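Okay, structure first, notes after.
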Amino acid sequence: VHHPMHLTWRMGKTDWTNGRNWDSYIRLKKGADIDYINQRINAVMENYLPTKEMYELYGIDKMIVSFAPLKGYHLKDSKVQTMLFILSLLGGVLLLTASFNYALISISTLPQRAKAIGVHKCNGAGAGSIFAMFFWETFFIIFISVVFAGFLIFQFREIIEDMTEVNFYNLFSMDTLWGPALAIGLLFVIGCVLPGRMFSAIHVTQVFRRYTEGKKNWKYLLLFVQFLCTAFLLTFVTIIYKQHQYVMQKDLGYNLERIVHLPQTFEHTPNALSNFRNLPYVEKAEVSKIYLWKAFSTWVTDKKNETLPVSHNYANADFCKLMELKLKEGTYHTKGGEVLVNEEFIRQFGGEVGQEFQGVGFIRGIMTDDFIFPNREKVEPFIMYWWNNETKNLPVDMHIRLKEPFEENLFRLNEDFKKLYPQGVGEFKPYEKDMAILFQSARIFRDSVLIACIMIVIITLTGIIGYTNDEVRRRSKEIAIRKINGAELSDILQLLCKSILYIALPATFAGVILAKYIGDMWIATEFKDILNISPLLYLGTGILTLVLILGTVVVKAWRVANENPVISIKSE
């Protein structure tokens, strides 16, 4: 079970009134009742917590502590719930598109198979026997597909583990197999029952005459769903790519090019700096107390006399020069007692450049809010204290800007580090890799949607090919007569594209609107910095969807449109 305890940290001192953001975990004995514990835990805490001091410090009247089961705890997070909704929607889109596409292709073969079914019925086969034929046909196709899919999943298990961040074999435990089984069952029902019922209902007289279709609304419905899903995923993956690219390339107020770092404890920091600076492939070397995307915590009193949490770090002016830190106002701090603060600090606590802030220091400069925690949902006040780097045997974060060629020099640096400090732990890593880790969940999600998008485009194009073949075959005589009466190639292609366009236009529009809605939901969940996406992007993905659809129709219909009309009429 788990409970987040909000404590504060002050200059290495940790007790019940100092430190912040600690998580507490307990393991219960078998048979223990969590409700029983929660009913009595606060009475116990009163005996051990300095409640009076804490209440005065935080300005509260009462503090209630309760524990919650760790299993399922994350599912209560609104962010997790949003991501589950989006992923479930993507899975549903893929499943429906694949199953509808299979049904569309199966039913499109009905004119060719009608006589064969009539022959079976003439020989005594009933509706049940005909349905069983298609049942087993669908079963074997899905069985082979599942085996092939399992082979692919096993071959790409490392990529799957990276994308899911879960052990590969845990993905296929008995507790999780119900999901794939349900998806396969739904695919089987849609792919088998719908075509099977239509085929088993064919009258025996079809053996003596040519089968012609009646209503085609079911085709239009299936095509509409496929086109909508394609437009949705094409637009959605584009939104994800643009947002991810934006946060990765955004100017954070410093330059990470060729910067590497390593947390380490050196016996004498100035000597370590000198050793690294003397390496021929090192451009600059400096240290900070902790690297940029982590911070210590403290408390500062605001204008309303309220004590609020503040993040902070320690570095000197040379470190700021190394990182090419851009300031909104002021200059770098140059001595003890001087600090740099971010914009959020000024908003919450007031103050300005050149002002002494009680309990903090002399404000020398103001940084942007993006300087610290670029992926944090909520911007926090931040202070950069001056540090002289003279402390011995203290953990620091060594920062180095390498010369080109970067990869080769990074390898040399790690080799020389092992020689200079055999007792050292770890290796230097590029800051840009840390940036990628900060947004790893967004990258994994982007890759997942991209794979889904590629799959659904292939499925949809396959469905269009089947539909076009069926339409060309059904209307071959009409096309031949039109050509005899002077119709050009463009007229025939326009005839075939027009019926598709009536379905594709509203489906594409609906798909793009749905993608915008889901995309906005995802971005608001994942990022505090949101890209203002141009309407032209949505227009472009919609046009791309229509080009893919109509292009496939034109390619498949080109041969028939150019064919000698006599061939079609002769077959009558």
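The values are calculated or read from the model by the stated rules, or taken from the named source; none is laboratory data. Being a predicted model, the structure only gives us computed values, none of them experimental. A quick note on method: Cβ atoms are made from the backbone with ideal geometry, for glycine too, and the neighbour counts reach across all protein chains shown. Heavy atoms of the whole protein, side chains included, go into the accessibility calculation; ligands, DNA and RNA do not. Shrake-Rupley method; radii C 1.70, N 1.55, O 1.52, S 1.80 Å.
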Candidates Ser490, Ser568, filtered to the one that is modelled with pLDDT under 80, more than 37 Å from the chain's Cα centre (by Cα) and loosely packed, with under 14 Cβ neighbours inside 10 Å: Ser490
Just to verify a result, which residue in region 294-347, among those that are more than 38 Å from the chain's Cα centre (by Cα) and at positive phi, is surrounded by the most Cβ atoms within 10 Å (Cβ to Cβ)? Gly330
If I filter region 502-511 for residues that are touching a strand residue (DSSP E or B) at 6+ places or on another chain (Cβ under 9 Å), part of a helix (DSSP H, G or I) and not small (Gly, Ala, Ser), do I get at least one hit? no
Is it the case that region 264-285 has a residue that's at pLDDT below 75 and open to solvent by 20 Å² or more (accessible area, probe 1.4 Å)? no
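Table: residues versus (1) without any contact (Cβ under 8 Å) to a residue 60 or more places away in the chain; (2) assigned to a helix (DSSP H, G or I).
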position: Asn388; (1), (2): no, no
position: Met398; (1), (2): no, no
position: Arg401; (1), (2): no, no
position: Phe411; (1), (2): yes, yes
position: Gln423; (1), (2): yes, no
position: Phe445; (1), (2): no, yes
position: Ile465; (1), (2): no, yes
position: Lys477; (1), (2): no, yes
Return the pairs, sorted by first residue and then second, in which the second residue is surrounded by 12 or more Cβ atoms within 10 Å (Cβ to Cβ) and among the aromatic types (Phe, Trp, Tyr), the first residue lies in region 135-157 and is closer than 18 Å to Arg197 by Cβ, the beta carbons are less than 6 Å apart, and the residues are 6+ apart or on different chains. Ile142/Phe188
Here are Ile549, Ile465: which of them is crowded, with 17+ Cβ neighbours inside 10 Å, at pLDDT 75 or above, among the β-branched types (Val, Ile, Thr) and within 43 Å of the chain's Cα centre (by Cα)? Ile549
Those residues of region 504-539 which are within 18 Å of the chain's Cα centre (by Cα), aliphatic (A, V, I, L, M) and farther than 15 Å from Ala231 by Cβ amount to Met521, Ile523, Ala524, Ile530, Leu531, Ile533
Of residues in region 530-550 being among the aliphatic types (A, V, I, L, M) and without any contact (Cβ under 8 Å) to a residue 24 or more places away in the chain, the one farthest from Met435 (Cα to Cα): Val547
Check off (1) modelled with pLDDT of 85 or more; (2) in a helix (DSSP H, G or I) for Leu340 and give me the number that stays unchecked. (2)
When you go through (1) within 25 Å of Ser441 (Cβ to Cβ); (2) at pLDDT below 75; (3) open to solvent by less than 60 Å² (accessible area, probe 1.4 Å) one by one for Val193, which number turns out not to apply? (1)
Among the residues that make up region 518-529, is at least one of them free of Cβ contacts under 8 Å to residues at least 40 places away in the same chain and within 30 Å of Thr82 (Cα to Cα)? yes
